[in-house]
Amino acid sequence: MYEVDVDLCFNVVKEVVSKASEIVLEGHESSLEVMTKTSKFDLVTIYDKRTEEFLIKALKDAFPDHKFIGEETTANNKLTEEPTWIIDPIDGTTNYIHGYPHIGISLALAVNKEIIIGIVSNPLLKQTFTAVKGRGAFLNEKQIHASKSTELQSSLIGLEVSVGSIPKYTEEYCQKYKNIVTQIQGVRSLGSAELGLCMVGWGVWDGYHVNHLQSWDVAAGSLIITEAGGCVLGVDGGKFNCETGGIIAAGTEKLCKLLVELLNCK
């Protein structure tokens, strides 16, 4: 079993993210050179890479024995028991490119394969969501709480429909949308999975679902939800595991289970 100084880790990562925000803001005010990674739907800018390089270097300097899983430079989705930072430098790169202000600098710290710190910061809107295991969830240092909704009909649900633009997932996401759209009060999508999860932790969305992503897309937000009193499950309704890149979340366990059933209907 590994142990870390949680307070030290939390204080360091908050400071590091604050400094990384300056890089992201610089890019927001510049002409962005856009590159593709795996497909035309998988984009990256020089600011994604610069931000991740800065985050990893700063955290390595503070914690030389810690491991890293990062989207742009160390793309390995396998967790070990060792203290590991899971990093998405700009979650919502397509939003960033278009000037749509819903992006997140996302970091989570996992120890013994358990997420104990989560932070998602949107420098464009000056919002920083944080959570430490057992201590609650916060937005700009003010405590937040998940929704108490238990009924589908009165719920606002986030569905990350942008994943459906990937051809092999289009039919699946069209089916999910058809399954829920007439059963709930409304569907929303931000184009950033981590921010979508934060909307549930904040209590402004009652539930959220995304699948076929990576650990860095869901790790921090999942802790923010549970520390806000919400529920997170795997896509099949089992225990949530960030390494699968899929999640169904809600403010209450009852609503979460209803969403599992509804989203998995064929």
Handout entry: Residue tally, condition closer than 16 Å to Gly158 by Cβ, β-branched (Val, Ile, Thr) and surrounded by fewer than 24 Cβ atoms within 10 Å (Cβ to Cβ), over segment 233-264
Key = 3
Practice task
Give me a count of the residues in segment 74-92 that are among the hydroxyl-bearing types (Ser, Thr, Tyr) and modelled with pLDDT of 90 or more.
Solution key: 2
Exercise for the section: Restricting attention to segment 78-95, report how many residues are out of contact with any Gly (no Cβ under 7 Å at 6 or more places or on another chain) and either among the small types (Gly, Ala, Ser) or part of a helix (DSSP H, G or I) (or both). Expected result: 1
Problem - Among the candidates Val161, Val181, residue that is among the hydrophobic types (A, V, I, L, M, F, W, C), under 27 Å from Ala108 (Cβ atoms) and either free of Cβ contacts under 8 Å to residues at least 60 places away in the same chain or loosely packed, with under 15 Cβ neighbours inside 10 Å (or both) - result: Val161
Practice task
Test Ile90 against the criterion of being under 20 Å from Trp216 (Cβ atoms) and either surrounded by fewer than 24 Cβ atoms within 10 Å (Cβ to Cβ) or not basic (Lys, Arg) (or both), and give yes or no.
Solution key: yes
Problem - Count of segment 96-143 residues which are modelled with pLDDT under 95 and of a type in the set (Gly, Ala, Ser) - result: 1
Problem - Residues of segment 169-199 that turn out to be aliphatic (A, V, I, L, M) and over 21 Å from Gly92 (Cβ atoms), as a count - result: 3
Completion exercise
Apart from one, (1) more than 15 Å from Val24 (Cα to Cα); (2) modelled with pLDDT under 95; (3) surrounded by fewer than 21 Cβ atoms within 10 Å (Cβ to Cβ) all hold for Glu71; the odd one out is (3)
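Among the residues in segment 115-123, are any more than 16 Å from the chain's Cα centre (by Cα) and surrounded by fewer than 24 Cβ atoms within 10 Å (Cβ to Cβ)? Spell out how you get there, then give the answer.
Restricting attention to segment 115-123, the residues satisfying the condition of being more than 16 Å from the chain's Cα centre (by Cα) are none.
No, that holds for no residue.
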Problem - Filtered residue count, segment 210-226, keeping only those that are surrounded by 24 or more Cβ atoms within 10 Å (Cβ to Cβ) and either of a type in the set (A, V, I, L, M) or within 21 Å of Ser149 (Cα to Cα) (or both) - result: 9
Practice task
Name the helices (runs of 4 or more DSSP H) wholly inside segment 135-251 in which the number of residues that are out of contact with any Pro (no Cβ under 7 Å at 6 or more places or on another chain) and among the hydroxyl-bearing types (Ser, Thr, Tyr) is 2 or more.
Solution key: 167-181, 215-227
Exercise for the section: Evaluate segment 133-141: report whether one residue or more is of a type in the set (S, T, N, Q) and surrounded by 15 or more Cβ atoms within 10 Å (Cβ to Cβ). Expected result: no
Practice task
Restrict the check to segment 214-223 and report whether at least one residue is over 16 Å from Leu156 (Cα atoms) and free of Cβ contacts under 8 Å to residues at least 60 places away in the same chain.
Solution key: yes
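If a residue must be over 21 Å from Lys113 (Cβ atoms) and touching a residue at least 60 places away in the same chain (Cβ under 8 Å), how many such residues does segment 231-266 contain? It would help to see each step written out before you state the result.
Start the filter on segment 231-266 by keeping residues that are over 21 Å from Lys113 (Cβ atoms), which leaves 250-266.
Among the residues that remain, those that are also touching a residue at least 60 places away in the same chain (Cβ under 8 Å) are: 250-252, 254-255, 258-259, 262-263, 265-266.
Selection size over segment 231-266: 11.
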Practice task
Please work out if Ser31 is among the polar types (S, T, N, Q) and either part of a strand (DSSP E or B) or at pLDDT 95 or above (or both).
Solution key: no
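The values are calculated or read from the model by the stated rules, or taken from the named source; none is laboratory data. The shown structure was predicted, so the numbers you read here are calculated from the model rather than taken from an experiment. Please note: Cβ atoms are built from the backbone with ideal geometry, for glycine as well, and neighbour counts cover all protein chains shown.
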